[in-house]
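Comments concern the structure below.
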Amino acid sequence: MNTKVWLIQPQPCLPNINLIELSKQSFGNAFLKAAQVLCQQLEQIELILGTTKDFTKKLFNLAILGLFSKMHRIYYSYILLKIHQDEIGSQFLLEHLVETAVTLTYLLEGAGEYVVSEYISASLYQAQSLLVDVKKQLQKVPNHPDLLILKDELEAFIAQQQEHDAEPEFPTDSEAYLWGPQEADTTFKRGAIVGLNFLTNPARQIALKIVPASWLDLQFNYLNSFTTSSRTKVNPDPNFTCVRDATHLCLHATQSFLEEAIEHQNINYPGIKHQQEILNLLYEWFHNAHHVYQLH
């Protein structure tokens, strides 16, 4: 592997905030350009660490690397939809982004490697429960191709995980898939522990349980759209506040990720300080760009 990639990265070319036209479209384009720069940096981090044997041989590292990879891919899709004012799609991706970034940060800052066994065991239990559901469906439609594929995938996952862990013992209720210490078994609680609740909306999570196209869904989300409370409405973000906050969430998680990989596990890359300087520059750019737009 060529670790010199860290050394030869040029300083990113971010839009000059003072030269951006004072319009929503111009600032939107600038935010999108900056998000592209950030994603390039995150892809570089994933490439370097993902090809480092000393890093990927640990199960904990595989878990955080997977979360990091998912986070930066969802991030850019979210920013793209948000800038183009696809509020429904961007809200869906924001929820996945928050779940992923908060979980990553919690594993890195709030818990430690011991929680990974609970993290994996909870998914093993869920896979076993889903397999039961799949087999019930196959009794009704024995040759359904997608059900057969899902059955094979679940069985393979269960077999693979049970090679490393004993079969988990969880209560047979709807809360069984939660993992981690009892005081931190939801994204909202984990976010509170590590100080990242600014994008978490527990009311939204409950509202999402409403059955799509049900009468309740129509009343809450469509028929009364002009009078629906802000608690359940998808609100536009005219000042790019969510764009800034989502970016800062990703940057916070990334800094924690780098600290774990480089400092705690002593993986030596000469260009890491330069990489962290770029991340700090991006943090400041999004903060300042949001501030300038708000002033106008």
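The values are calculated or read from the model by the stated rules, or taken from the named source; none is laboratory data. If you're wondering where the values come from, they're calculated on a predicted model, not measured in any experiment. When we count neighbours, we look across all protein chains shown, and the Cβ atoms used for this are built from the backbone with ideal geometry, even at glycine. Note: areas computed on protein heavy atoms with side chains; ligands, DNA, RNA excluded. Shrake-Rupley method; radii C 1.70, N 1.55, O 1.52, S 1.80 Å.
Restricting attention to region 249-285, the residues that are among the small types (Gly, Ala, Ser) and modelled with pLDDT under 85 add up to 2. Taking the criterion of being under 18 Å from Ile272 (Cα atoms) and among the hydrophobic types (A, V, I, L, M, F, W, C), the residues of region 6-61 that qualify are Trp6, Leu7, Ile8, Val37, Leu38, Cys39, Leu42, Ile45, Leu47, Ile48, Leu49, Phe55. Within region 193-209, the set of residues being assigned to a helix (DSSP H, G or I) and either open to solvent by 60 Å² or more (accessible area, probe 1.4 Å) or in contact with a helix residue (DSSP H, G or I) (Cβ under 6 Å, 6 or more places away or on another chain) (or both) comprises Ile193, Asn197, Phe198, Leu199, Pro202, Gln205, Ile206. Of the set (1) touching a residue at least 60 places away in the same chain (Cβ under 8 Å); (2) open to solvent by less than 40 Å² (accessible area, probe 1.4 Å); (3) touching a helix residue (DSSP H, G or I) at 6+ places or on another chain (Cβ under 6 Å), all apply to Glu99 but (2). I'd like to check something: does region 200-208 contain any residue that is modelled with pLDDT of 90 or more and of a type outside the set (Asp, Glu)? Among the residues of region 200-208, not one is modelled with pLDDT of 90 or more and of a type outside the set (Asp, Glu), which makes the answer no.
Residues checked against (1) open to solvent by 20 Å² or more (accessible area, probe 1.4 Å); (2) in contact with a Ser or Thr (Cβ under 7 Å, 6 or more places away or on another chain); (3) assigned to a helix (DSSP H, G or I):
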| site | (1), (2), (3) |
| --- | --- |
| Leu14 | yes, no, no |
| Glu21 | yes, no, no |
| Leu32 | yes, no, yes |
| Cys39 | no, no, yes |
| Leu47 | yes, no, yes |
| Asn61 | no, no, yes |
| Lys70 | yes, yes, yes |
| Tyr75 | no, no, yes |
| Leu81 | yes, yes, yes |
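Only residues that are open to solvent by 70 Å² or more (accessible area, probe 1.4 Å) and in a helix (DSSP H, G or I) were counted in region 135-147, giving 7. Of Leu154, Leu94, Leu131, Leu124, all but one fail to be more than 30 Å from Thr241 (Cβ to Cβ), in contact with a Lys or Arg (Cβ under 9 Å, 6 or more places away or on another chain) and open to solvent by less than 50 Å² (accessible area, probe 1.4 Å); the exception is Leu131.
Condition check ((1) at pLDDT below 95; (2) under 30 Å from Leu107 (Cα atoms); (3) of a type in the set (Phe, Trp, Tyr)) across all residues:
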{"residue": "Gln137", "(1), (2), (3)": "no, no, no"}
{"residue": "Pro142", "(1), (2), (3)": "yes, no, no"}
{"residue": "Glu153", "(1), (2), (3)": "no, yes, no"}
{"residue": "Ile158", "(1), (2), (3)": "yes, yes, no"}
{"residue": "Phe170", "(1), (2), (3)": "yes, yes, yes"}
{"residue": "Glu175", "(1), (2), (3)": "yes, yes, no"}
{"residue": "Pro181", "(1), (2), (3)": "yes, yes, no"}
{"residue": "Phe188", "(1), (2), (3)": "yes, yes, yes"}
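If the condition is being in a loop (DSSP other than H, G, I, E, B) and surrounded by fewer than 18 Cβ atoms within 10 Å (Cβ to Cβ), then region 50-59 contributes Thr51, Lys57, Lys58.
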